[in-house]
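The values are calculated or read from the model by the stated rules, or taken from the named source; none is laboratory data. All figures in this text were calculated on a predicted structure; none of them were measured in a lab. A quick note on method: Cβ atoms are made from the backbone with ideal geometry, for glycine too, and the neighbour counts reach across all protein chains shown.
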Amino acid sequence: MEHIRTVVEEGEAGLRLDTYLVMQDDVEESRSYISTLIANGHVTVDGQVVTKPSYSVRTDQEINLEIPDAEPVDLSPEHMELDVVYEDRHLLVINKPAGLIIHPSGTCHGGTLVNALLAHCDNLSGISGELRPGIVHRLDKDTTGLIMVAKDNLTHRGLSEQLSARTVKRRYLALVWHIPQPASDRIDAPIGRDLNNRQKMAVTETGKRAVTNYKVLRSFTRASMIECRLETGRTHQIRVHMSSVMGCPIIADDKYGGCRPRGIPSTVGSREMVRDAVRIAGHQMLHAETLGFIHPVTEQEMEFNEAPPLEFRLVMKRLERGEDE
């Protein structure tokens, strides 16, 4: 049984209880399932069971949610080929390919990075729970690039503290539709769950603060290559900020408008260029290129850089050809 405790903040007062709960970062269940849990007595407000999903929450109320155990997932070691960029007794840095999910869940029972790590390592940190051994931070399934993994709890705490202090260097490259204006800026827009689609995130006043610094590195006629440096690490942060705030969705990001971008002329050449770029990409064109941190044990300053995968470069060539069409 998973227990989630939250306290209602001032800006959340007046929300329905089911709406309030699905907005919390730690809650991944659908609104309908949350409503069922409420009706079945799995939610208390200030210690009292509340069974009405429409109940209006008030500031400073303590909400406790019980989520029954899901079907067990497979944490068996699975031998997979990992692109290990660095490894010592305390940590690893992996260059993650597209399509690899970080850890098992109720809907993904195996074939994850965690399964591969269990086959690769004799030990992993346990701070993130039994389903996420070694996992300090995450990358989306179809985001490629560098991710760090902790082998012991001391290392895990040290890396987590650096993430919290915003001292970890994280630089991403992305191919986006259109050219952001201005060419460089700092996006400061809160992100939370999309109430209309639990699989998506959205810019919302009740979300958590999210800050992305971006800069255009190269411009094409209908697209651009940008770099993004994160100050925070919200779910889907770059994807949401570029799509919702800048109107420049990441190429081939079907969830946030990158497969059918708005505002591109509906000429034959334009339609073919968009179709070809999405087909060549196969997944969202977002790559974690640079990862830098202080080693928690040796105190050595470490920085790693990995070039984007082949499909990233092939999409760039297609965009270059599109300038002549």
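Checking G257 against (1) surrounded by 22 or more Cβ atoms within 10 Å (Cβ to Cβ); (2) in contact with a helix residue (DSSP H, G or I) (Cβ under 9 Å, 6 or more places away or on another chain), only one condition comes out false. Which one?
Unmet condition: (1).
Listed residues R132, R166, R171, R138; which is modelled with pLDDT of 95 or more and basic (K, R)?
Being modelled with pLDDT of 95 or more and basic (K, R) holds for just one of R132, R166, R171, R138, which is R171.
Among the residues in region 228-240, are any part of a loop (DSSP other than H, G, I, E, B) and modelled with pLDDT of 95 or more?
The initial filter retains those residues of region 228-240 that are part of a loop (DSSP other than H, G, I, E, B), namely 231-236.
Filter once more, keeping what is modelled with pLDDT of 95 or more: 236.
Yes, region 228-240 has at least one match.
Identify the single condition in (1) polar (S, T, N, Q); (2) surrounded by 15 or more Cβ atoms within 10 Å (Cβ to Cβ); (3) at pLDDT 95 or above that S184 does not satisfy, given that it satisfies every other one.
The single condition S184 does not satisfy is (2).
Tally up the residues in region 249-275 that are over 17 Å from L314 (Cβ atoms), part of a helix (DSSP H, G or I) and without any contact (Cβ under 8 Å) to a residue 40 or more places away in the chain, please.
Residues in region 249-275 being over 17 Å from L314 (Cβ atoms), part of a helix (DSSP H, G or I) and without any contact (Cβ under 8 Å) to a residue 40 or more places away in the chain: 3 in total.
Looking at (1) surrounded by 15 or more Cβ atoms within 10 Å (Cβ to Cβ); (2) in the same structural domain as V274 (by TED's automatic domain parsing); (3) assigned to a strand (DSSP E or B), which is the one condition that is false for Q199?
Of everything listed in (1) surrounded by 15 or more Cβ atoms within 10 Å (Cβ to Cβ); (2) in the same structural domain as V274 (by TED's automatic domain parsing); (3) assigned to a strand (DSSP E or B), Q199 misses just condition (1).
Applying the selection to region 79-134, what residues are assigned to a loop (DSSP other than H, G, I, E, B) and of a type in the set (S, T, N, Q)? Write out each step before concluding.
Keep residues of region 79-134 that are assigned to a loop (DSSP other than H, G, I, E, B), which gives 79-83, 88-90, 97-112, 121-134.
Those that are assigned to a loop (DSSP other than H, G, I, E, B) and of a type in the set (S, T, N, Q): S105, T107, T112, N123, S125, S128.
Within region 208-238, take every residue that is free of Cβ contacts under 8 Å to residues at least 40 places away in the same chain and buried (at least 20 other Cβ atoms within 10 Å of the Cβ) and give me the one that is farthest from T290 (Cα to Cα).
A210
Can you tell which of S56, S76 is polar (S, T, N, Q) and within 29 Å of V7 (Cβ to Cβ)?
Numbers: S76 fails: within 29 Å of V7 (Cβ to Cβ).
Matching residue, one of S56, S76: S56.
Report the residue count in region 185-207 for those that are aliphatic (A, V, I, L, M) and either in contact with an Asp or Glu (Cβ under 9 Å, 6 or more places away or on another chain) or free of Cβ contacts under 8 Å to residues at least 40 places away in the same chain (or both). Before the answer, list the steps.
Within region 185-207, the first condition is being aliphatic (A, V, I, L, M), and the residues that meet it are 187, 189, 191, 195, 201-203.
Those still in the list that are either in contact with an Asp or Glu (Cβ under 9 Å, 6 or more places away or on another chain) or free of Cβ contacts under 8 Å to residues at least 40 places away in the same chain (or both) too: 201-202.
Count: 2.
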